[in-house]
Amino acid sequence: MTDFSATRAMFDLPEGVIYLDGNSLGPLPVAVKERMSRVIADEWGQMLIRGWNQAGWMEQPRRTGDRIARLIGAEPGSVVMGDTLSIKVYQALASAFEMNPTRRVVLSDNGNFPSDLYIAQGLVRTLGEGHALRTVNPEDVLDAIDETVAAILITEVDYRTGRRHDMKALTARAHEKGALAIWDLAHSAGALPVEVAGGGADFAVGCTYKYLNSGPGGPAFIYVAPRHHDAARPALSGWMGHAAPFAFDLDYRPGDGIERMRVGTPPILQLAALDAALDVWDGVDMGDIRARSLELGDLFIAGVEARCPDLKLATPRAHDQRGSQVSFTHPEGYAIMQALIAEGVIGDFRAPVTLRFGFTPLYLGHDDVNRAVDILARIMEERRWDRPEFKTRAKVT
Ligand SMILES: *Cc1c(COP(=O)(O)O)cnc(C)c1O
């Protein structure tokens, strides 16, 4: 059994805060501070440029990728770190289009995170030979996969509602129709058990600053199924993905396997933060994480529904249809969230009406959930949100 009091002690959370936003930006693991200071002082500071060889910086994207692989059920050697998630979406989709050259459609759903859709829109415009992004309602994806679809681009857990797609079923249908399956695991990696290899995914991508706690701007990951390692060609063919970056050839030759999905110089300091953050997962069983996150989510749903009748549940109740977050809607959602944050309960708001709460068992327990419900109930009963200072929108919501 995972010892959740031990994992709780591995995080540095401010006094008096109940943090229900680890689905958006994970909190600071204590070990990150020490590791970053050491990498800055001993490696960057003392080794200088020698760090690329002496400290193994060059291999870090692969080494850390293998640690992520364990968390998402991927084969060793099939995940590499770098760039941001939006870039990794571009890479996966561009490769998929090239691998399925007679088809022109990428299929997604209108619950997908806008950046994924924007990236797809930009890429189909660049390809420009009748390429198109088709979006349908999340429930309609399965039936919309037909012989025109080159690839499906689906985020497993909906960032707004917490609704979860059936990865295995959609991937199987995609393959049956001759399409490739790209999975975005932004709200899955570190949130619930994922089996990219078992589920047959062709590509998977995700970020690490949410449930994996790598810090703001932490590097993303990309998975390419080993069966595609030779066929997947990177559209962003940078020197770090070249077979021999330090040969300085004038022509691009793709590197071996997953290495070719690297683009430019890896962010060594952020990778050090991520690597230290991943230590938290060493004694953690993903099945335990899942069981407890559902338990905390259920507790929150029951409490809010009993005491805040004006808030409407937007997340599916069925366990197999949801991720690790719970969302409620209210026309004054933004102001309610600001009032909550002012009282130390940090969640977030997604336009137009969604209040989002993430349940991350590594550092949250039943007491936190009960206290959050108490505070929310008082805010609703006393209309504490109904004040001008809670209604002015900040840049980041
Ligand atoms: C958080 C998130 C992103 C953010 O992309 P970045 O390039 O890291 O800013 C993209 N897609 C999904 C599905 C997300 O949840």
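The values are calculated or read from the model by the stated rules, or taken from the named source; none is laboratory data. These figures come from a predicted structure and were not determined experimentally. Glycine also receives a Cβ, built like all others from the backbone with ideal geometry; neighbour counts cover every protein chain displayed. Side chains included, ligands, DNA and RNA excluded: accessible areas come from the protein's heavy atoms. Shrake-Rupley method; radii C 1.70, N 1.55, O 1.52, S 1.80 Å.
Taking a ≥ b ≥ c as the square roots of the eigenvalues of the alpha-carbon gyration tensor, the range 45-137 is classed prolate because a/c is 1.5 or more and a/b outweighs b/c.
The lysine pair count for the chain, using Cα distances under 29 Å and pairs eight or more places apart or on different chains, is 14.
Nearest 10 degrees, 0 to 90: what angle lies between the long axis of helix 85-99 and the longest principal axis of the chain (Cα atoms)? In the chain, helix 85-99 runs at an angle near 50 degrees to the longest axis.
Can you work out the accessible area per residue across the range 56-281, with the rest of the protein chains kept in place, probe 1.4 Å, in square angstrom? That works out to 36 Å² per residue. Taking Lys and Arg as +1 and Asp and Glu as -1, the other residues whose beta-carbon sits under 13 Å from that of residue 332 total +4.
The trypsin sites (Lys or Arg not before Pro) of the range 48-97 include none that DSSP puts in a loop with a beta carbon having at most 12 other beta carbons within 10 Å. Taking every DSSP helix (H) stretch of at least 4 residues in the chain, weighting each as -39,500 (n - 2.57) and dividing the sum by the residue count yields a mean residue ellipticity at 222 nm of -10000 deg cm²/dmol. Cα axis of helix 167-176 to longest principal axis of the chain: angle in degrees, 0 to 90, nearest 10? Approximately 40 degrees, to the nearest ten. Going by accessible surface with a 1.4 Å probe and the largest first, 140, 367 read 367, 140. For the range 223-300 and the range 307-361, compute the distance between their C-alpha centroids and round to whole Å. Spelled out, the Cα-based centre of one part sits 31 Å from the other.
Seen against the Cα atoms of the chain and their longest principal axis, helix 268-278 is set at about 60 degrees.
Using a probe of 1.4 Å, the accessible surface attributed to residue 382 totals some 100 Å² when neighbouring protein chains are kept in position. For the set 187, 229, 366, solvent exposure ranked by accessible area (probe 1.4 Å, protein chains only) runs largest to smallest as 366, 229, 187. Computed with a 1.4 Å probe on the full set of protein chains, the accessible area for residue 81 sits at about 10 Å². Just checking the listed ones, 157, 79, 30: in the Gaussian network model of the chain with Cα springs under 10 Å, the one fluctuating most is 30. For the range 56-281, with all protein chains present and a 1.4 Å probe, just round the carbon and sulfur fraction of the accessible area to a whole percent. Taking all protein chains in place, the range 56-281 shows 53 percent carbon and sulfur surface. Here the translational diffusion coefficient of the range 181-225 follows from Stokes-Einstein with Rh set to the Kirkwood radius across Cα pairs; for 4 °C and 1.567 mPa s it amounts to 121 µm²/s.
Solvent-accessible area of residue 5, all protein chains in place: 90 Å² (probe radius 1.4 Å, heavy atoms, ligands and nucleic acids excluded). The trypsin sites (Lys or Arg not before Pro) found in the range 285-381 that occupy coil by DSSP, while having at most 16 further C-beta atoms within 10 Å, are 317. If you model the range 56-281 as an ellipsoid using its alpha carbon gyration tensor, with each semi-axis the square root of five times an eigenvalue, the axes come out at 26, 21, 15 Å, biggest first. For the chain, the percent of C-alpha pairs falling in each 10 Å distance bin, counted from 0 to the bin holding the largest distance, reads 5, 23, 30, 25, 14, 3, 0.
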